[in-house]
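Beneath this line is the structure, given in structure tokens, with notes to follow.
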Amino acid sequence: MAEVIKKLNFLLTIVGLCNIMIHMDIIKKAILAKMKQRGWTCYRLSKELEGKLPQRTVYSYLSGERDISAERVSIILKVLGLKIKR
């Protein structure tokens with residue numbers, strides 16, 4: 001029984017991670033759309049962040065080179081006036 005629970009927990013973790021990755025992609029697309037709507041570049045967004053995130057981090061995230069933490073994404077969302085709703 002313990003082995004079944006262990007395998008189930010593993011599968012739930014994998015499913016959870018996939019859902020998080022899908023949502024992070026949607027969030028990134030919303031950020032890029034809002035930036036396009038405002039006519040902002042990554043440089044402009046970095047300036048609006050007032051040093052809260054390094055410009056390289058912003059660029060790397062938005063260009064798909066790397067992911068960033070949910071905390072950092074929330075900083076970007078706040079600057080753009082975006083909110084996550086369920």
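List of remarks:
- Here is the figure for the stretch 66-86: residues that are more than 16 Å from PRO54 (Cα to Cα) and in a loop (DSSP other than H, G, I, E, B) total 6.
- Filtered residues of the stretch 29-65 (kept if assigned to a helix (DSSP H, G or I), more than 15 Å from the chain's Cα centre (by Cα) and among the aromatic types (Phe, Trp, Tyr)): TYR43
Here, each number is a calculation from the coordinates, and none is a lab measurement. This structure is a prediction, so every number in the text was calculated from the model and none was measured.
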